[in-house]
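Got a structure for you, written out below as structure tokens; questions coming shortly.
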Amino acid sequence: MTKTPTRRPRKRSTGPTLSSELTRAIAAALEKQASDVVVLDLRQASAFTDFFVICTGRNARQVEAIAEAVRETLAAHGTKPALVEGLKRAEWVLLDYFDFVVHVFTPATREFYGLERLWGDAQRIDVSA
């Protein structure tokens, strides 16, 4: 009797590996109940950064809380943003960390600006739990 060799399942590529800073930023946003979290891989596009993290808070207060949680989490690990925009109005807060940019929107502002549509060719990375 001949044994049939067993096949090992192929390892599937899970896409690009995210840096620890980027992973921490996503986790901090999710911890503050950010919704519709999307990561766009812009490395193949002619962009000024490698990744966008785009997420939504229910209102300006939650947008501010999400942005502050990201900032505090990364600062605790020695990473500070090069630029922070929009904290006063908290409808669209932008945190620029050079290699990635975190965008935190209110629902209406996110829909109006439609960053996912503008960067429609970018690869989306699944960050769901």
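Values quoted throughout were computed directly from the atomic coordinates according to the rules given, and no laboratory measurement underlies them. All of these numbers come straight from a predicted model, not from anything done at the bench. When we count neighbours, we look across all protein chains shown, and the Cβ atoms used for this are built from the backbone with ideal geometry, even at glycine.
At a threshold of 8 angstrom on Cα-Cα distance, excluding pairs fewer than six apart, so keeping six or more, what relative contact order does segment 47-125 reach in percent? Before the final figure, lay out each step's value.
On the way: 112 pairs, mean separation 27.7, N = 79.
It comes to 35 percent, rounded to a whole number.
What number comes out for the charge environment of ALA60, summing +1 per Lys or Arg and -1 per Asp or Glu over other residues with Cβ under 15 Å away?
Values: positive: LYS32, ARG58, ARG61, LYS88, ARG89, ARG110; negative: GLU64, GLU68, GLU85, GLU91.
For residues surrounding ALA60, the net value is +2.
Right, next: With just the Cα atoms of the chain, tell me how far they stretch along each of the three principal axes, in Å, largest first.
76, 33, 27
Which ³J(HN,Hα) values, rounded to whole Hz and listed in residue order, are derived for segment 24-29 from phi using the Karplus coefficients 6.51, -1.76 and 1.60 in 6.51 cos²θ - 1.76 cosθ + 1.60 with θ = phi - 60°, glycine and proline given as x?
My calculation for segment 24-29 gives 5, 4, 4, 4, 5, 5 Hz in order.
Still on this structure, please answer the following. How much mean residue ellipticity at 222 nm does the chain get from its helices, if each DSSP H run of length 4 or more adds -39500 (n - 2.57) and you divide by all residues, to the nearest 500 deg cm²/dmol? Don't skip to the answer; put the middle values down first.
On the way: 4 runs with 39 residues, N = 129.
Roughly -9000 deg cm²/dmol at 222 nm, from the helical runs in the chain.
Which residues' amide hydrogens lie under 5 Å from the amide hydrogen of LEU42, considering only partners 5 or more residues apart or on another chain, with H built in the peptide plane?
Long-range HN contacts for LEU42: PHE51, PHE52.
Show me the chymotrypsin sites (Phe, Trp or Tyr not before Pro) within segment 11-72 that DSSP assigns to loop and that have at most 13 other Cβ atoms within 10 Å of their Cβ. All intermediate terms of the calculation are to be shown ahead of the outcome.
Details: sites: PHE48, PHE51, PHE52; in loops: PHE48.
Passing both the DSSP loop test and the Cβ count: PHE48.
Could you give me the ³J(HN,Hα) list for segment 79-95, computed from phi with Karplus coefficients 6.51, -1.76, 1.60 and θ = phi - 60°, whole Hz, x at Gly and Pro?
The phi angles translate into 10, 10, x, 6, 8, 10, 10, x, 5, 5, 8, 6, 9, 8, 9, 10, 10 Hz.
Kindly write out, for segment 46-63 in residue order, the coupling ³J(HN,Hα) from the Karplus curve 6.51 cos²θ - 1.76 cosθ + 1.60 (θ = phi - 60°), rounded to whole Hz, with x marking Gly and Pro.
Running phi through 6.51 cos²θ - 1.76 cosθ + 1.60 with θ = phi - 60° gives 8, 10, 8, 8, 8, 9, 10, 10, 10, 8, 10, x, 5, 8, 4, 5, 6, 4 Hz.
Once R0 is set to 30 Å, what does the formula 1/(1 + (r/R0)^6) return for the Cβ-Cβ distance between ASP36 and PHE98, expressed as a FRET efficiency to the nearest 0.05?
Numbers: r = 24 Å, r/R0 = 0.81.
The pair ASP36/PHE98 has a calculated efficiency of 0.80.
Also, quick follow-up: Rounded to the nearest 0.05, what FRET efficiency do ARG61 and GLU116 have when you use their Cβ-Cβ distance and R0 = 22 Å? Working shown, then result.
Working: r = 24 Å, r/R0 = 1.09.
Computed FRET efficiency for ARG61 and GLU116 comes out at 0.40.
Can I ask one more? Long-range amide H contacts for PHE98: which residues qualify at under 5 Å (H placed 1.01 Å from N, peptide plane, sequence gap of 5 or more or a different chain)?
Hits under the 5 Å cutoff: ALA82.
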